[in-house]
Amino acid sequence: MDGVLVKQIFQEPGLYLNKPIKVSGWVRTLRVSKSFGFIELNDGSFFKKLQVVFDETLSNFQQLTKILISTALIVEGELVESPGAKQPWELKAKRIEIEGLSAPDYPLQKKRHSLEYLRTIAHLRPRSNTFSAVFRIRSLAAYAIHRFFHERNFVYVHTPIITGSDCEGAGEMFRVSTLDLEKLPRDREGKIDFSKDFFGKEANLTVSGQLEAETFCMAFRNVYTFGPTFRAENSNTPRHAAEFWMVEPEIAFADLQDDMVLAEEMLKYILTYCLENAPEEMEFFNQFIDQGLLKRLDNVITSDFGQLTYTEAIELLKKSDQSFTYPVEWGVDLQTEHERYLTEQVFKKPIFVTDYPKDIKAFYMRLNDDNRTVAAMDLLVPGVGEIIGGSQREERIALLEQRLDEMGLAHEDYWWYLDLRKYGGTKHAGFGLGFERAIMYLTGITNIRDVIPFPRTVNFAEF
RNA sequence: UCCUCGAUAGCUCAAUGGUAGAGCACUCGGCUGUUAACCGAGUGGUUGUUGGUUCGAGCCCAACUCGGGGAGCCA
């Protein structure tokens, strides 16, 4: 491939202007007259399109006037300044080779489509403006996350996708099994005999890499995981998927404050990186998806996140003149309407809510001195809701065992997790970032199905 | 899983219980600088499925399927 990328042309036009170049790409739209025509060519390298001008001097002009949207072309010609208002330059074609024809029933049109319709053609939707922008941002954000952690000497850990511990404690899991569902092996009590299964025990897809990440944290100090996560919950909302990606850092010799500083820096880093490296895509979202997006993101980057304790949040909600469907009371978890009120009405920016009652949080969260709250934090952002959930972990083995007992969990299921506290345990903390929720926040897209290339949700695993 | 709204041409949408329409796409024709190009003509439908009410159902009723929004669960 000896041609030039459209991205290179836009980045350094001086190198190519008034010179012969060769580009290849797909027709996004075309307009033809009797003796000439215009093609807007997208080559995949860049959000913007290159306008190609062609006329009847081309040997295949007649055929070119008949091509359809999404035809693949290789174009040779000269890059010249454009008299048109919408583009600084254009490619005056001397030769256009048709690489692959398209068909009249191509489902994507020049005009705007609904996101719901595009979801039904997930194999073609990355060719649309919106999804081209979404998935380039998704790629950049993933890279930004790796960059952020590597700049800070974090080690990237690949925690297992298949987990043998049925005790990760976060929701319904997908079972992994090779047993014949038509004739399941039974033990003497008539229960399914998982010792006959592939792993010799029950196995599931992971719902979190946290417990395993903690083991590496106690060796490498600062680590993170970044990979797919699975929840078999029957939840049908724009914010939930059965398969999604999660970023889970875990830091040693660190407390909840350190954890929140890390979370805030990370989120700001991702936003900044995408704004700097994909300005065209971000501008597109600001124009067509969410008009207040850039202003809001800029506000997030330049201001400190809010912080309040759960107890303070309850007081605030009780004092507010807002009428809530669900009554507010210390000890019950915050409802979506409460979270929205706090982050969208009161603070109007991301806020950390900390120190939740221990009874509504997981066993591994560190007990506070008041004996009734734990060192947990949720980061709530306007529009998306909970984007990060984290905590300082309970490093005191006696208290951890006590919490296991209180929650009716068997010590032997957590033997290696408890060992971490036995052999030089330190205070440590971590959090989980819902990657897709971050992308939603970053792009203004309000349905998680539209930030995943091929989303898996209840009743849907097409493509 | 619950509440609620919806499903009409390939797409986006119209249509008092009385012959199913428009724009775009597509096909054909016109047009020498277009920008979701423009102008003219044409093709395109078992109105999500099944059943019911009615002389007559896209429209009313029921169930189901799928989709949107809200809730729960959470990231």
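Can we say A:F174 is farther than 30 Å from A:E281 by Cβ, within 16 Å of RNA strand B (Cβ to nearest atom), open to solvent by 50 Å² or more (accessible area, probe 1.4 Å) and not aliphatic (A, V, I, L, M)? Talk me through it step by step, then tell me what you get.
Numbers: farther than 30 Å from A:E281 by Cβ: yes; within 16 Å of RNA strand B (Cβ to nearest atom): yes; open to solvent by 50 Å² or more (accessible area, probe 1.4 Å): yes; not aliphatic (A, V, I, L, M): yes.
In short, yes.
Only residues that are open to solvent by less than 60 Å² (accessible area, probe 1.4 Å) and without any contact (Cβ under 8 Å) to a residue 40 or more places away in the chain: list them for segment A:70-117, please. Give the derivation first.
Within segment A:70-117, the first condition is being open to solvent by less than 60 Å² (accessible area, probe 1.4 Å), and the residues that meet it are A:70-75, A:77-80, A:82, A:84, A:87, A:89-91, A:93, A:96, A:98, A:100, A:102-103, A:106-108, A:113-115.
Listed by number, the residues that qualify are A:S82, A:G84, A:Q87, A:I98, A:G100, A:A103, A:Y106, A:P107, A:L108, A:H113, A:S114.
Confirm whether A:I289 is touching a residue at least 12 places away in the same chain (Cβ under 8 Å), of a type outside the set (D, E, K, R) and crowded, with 20+ Cβ neighbours inside 10 Å. Working first, answer last.
On the way: touching a residue at least 12 places away in the same chain (Cβ under 8 Å): yes; of a type outside the set (D, E, K, R): yes; crowded, with 20+ Cβ neighbours inside 10 Å: no.
Here the answer is no, as A:I289 does not meet what is asked.
Take A:E212 and decide whether it is closer than 16 Å to A:S391 by Cβ, among the charged types (D, E, K, R), crowded, with 19+ Cβ neighbours inside 10 Å and in contact (Cβ under 8 Å) with a residue 40 or more places away in the chain.
Details: closer than 16 Å to A:S391 by Cβ: no; among the charged types (D, E, K, R): yes; crowded, with 19+ Cβ neighbours inside 10 Å: yes; in contact (Cβ under 8 Å) with a residue 40 or more places away in the chain: yes.
So A:E212 fails the test.
What are the residue pairs meeting all of these: first residue in segment A:446-459, first residue farther than 15 Å from A:G434 by Cβ, second residue within 6 Å of RNA strand B (Cβ to nearest atom), Cβ atoms under 6 Å, and 6 or more apart or on different chains?
Between residues of segment A:446-459 that are farther than 15 Å from A:G434 by Cβ and residues that are within 6 Å of RNA strand B (Cβ to nearest atom), the close pairs are A:V458/A:N234; A:V458/A:N236.
Which one of the conditions (1) touching a residue at least 40 places away in the same chain (Cβ under 8 Å); (2) away from RNA strand B (no atom under 16 Å from the Cβ); (3) part of a loop (DSSP other than H, G, I, E, B) does A:F135 fail to meet, given that it meets all the rest?
Failed condition: (3).
Can you tell me which of (1) of a type outside the set (V, I, T); (2) within 12 Å of RNA strand B (Cβ to nearest atom); (3) loosely packed, with under 14 Cβ neighbours inside 10 Å; (4) closer than 23 Å to A:A263 by Cβ is the one A:R340 doesn't meet?
Of (1) of a type outside the set (V, I, T); (2) within 12 Å of RNA strand B (Cβ to nearest atom); (3) loosely packed, with under 14 Cβ neighbours inside 10 Å; (4) closer than 23 Å to A:A263 by Cβ, only one is false for A:R340: (3).
Within segment A:372-419, take every residue that is touching a residue at least 60 places away in the same chain (Cβ under 8 Å) and open to solvent by 60 Å² or more (accessible area, probe 1.4 Å) and give me the one that is farthest from A:G331 (Cα to Cα).
Top of the filtered list is A:W416.
I'm trying to understand the selection: among the residues of segment A:420-442, which are away from RNA strand B (no atom under 16 Å from the Cβ), touching a strand residue (DSSP E or B) at 6+ places or on another chain (Cβ under 6 Å) and open to solvent by 10 Å² or more (accessible area, probe 1.4 Å)?
So the first thing to find is which residues in segment A:420-442 are away from RNA strand B (no atom under 16 Å from the Cβ), and the list is A:420-428.
If we keep only those that are touching a strand residue (DSSP E or B) at 6+ places or on another chain (Cβ under 6 Å) as well, we get A:426, A:428.
Selection gives A:T426 alone.
For segment A:356-371, what are the residues that are over 19 Å from A:Q335 (Cα atoms), surrounded by fewer than 20 Cβ atoms within 10 Å (Cβ to Cβ) and among the aliphatic types (A, V, I, L, M)?
Result: A:L367, single match.
Where residues in segment A:215-243 are open to solvent by less than 30 Å² (accessible area, probe 1.4 Å) and among the β-branched types (V, I, T), which of them is nearest to A:I145 (Cα to Cα)?
The extreme case among them is A:T225.
Filter segment A:223-262 down to the residues that are of a type in the set (G, A, S) and more than 24 Å from A:T336 (Cα to Cα), then identify the one that is farthest from RNA strand B (Cβ to nearest atom). Lay out the reasoning, then the answer.
If we filter segment A:223-262 for residues that are of a type in the set (G, A, S), which is where we start, we get A:227, A:232, A:235, A:241-242, A:252, A:254.
Within this subset, residues satisfying the condition of being more than 24 Å from A:T336 (Cα to Cα) are A:227, A:252, A:254.
Details: A:G227: 13, A:A252: 21, A:A254: 19 Å.
Here the residue is A:A252.
Is it the case, given these coordinates, that A:F352 is modelled with pLDDT of 90 or more, away from RNA strand B (no atom under 12 Å from the Cβ) and under 25 Å from the mean Cα position of the chain (by Cα)? Can you show your working first?
Working: modelled with pLDDT of 90 or more: yes; away from RNA strand B (no atom under 12 Å from the Cβ): yes; under 25 Å from the mean Cα position of the chain (by Cα): yes.
Criteria met by A:F352.
The values are calculated or read from the model by the stated rules, or taken from the named source; none is laboratory data. No experiment lies behind these values; they were computed from the predicted model shown. Because the Cβ atoms are built from the backbone with ideal geometry, glycine has one as well, and the counts that use them run over all protein chains shown. When the accessible area is computed, the model is the full protein with side chains, heavy atoms only, and any ligands, DNA or RNA have been set aside. Shrake-Rupley method; radii C 1.70, N 1.55, O 1.52, S 1.80 Å.
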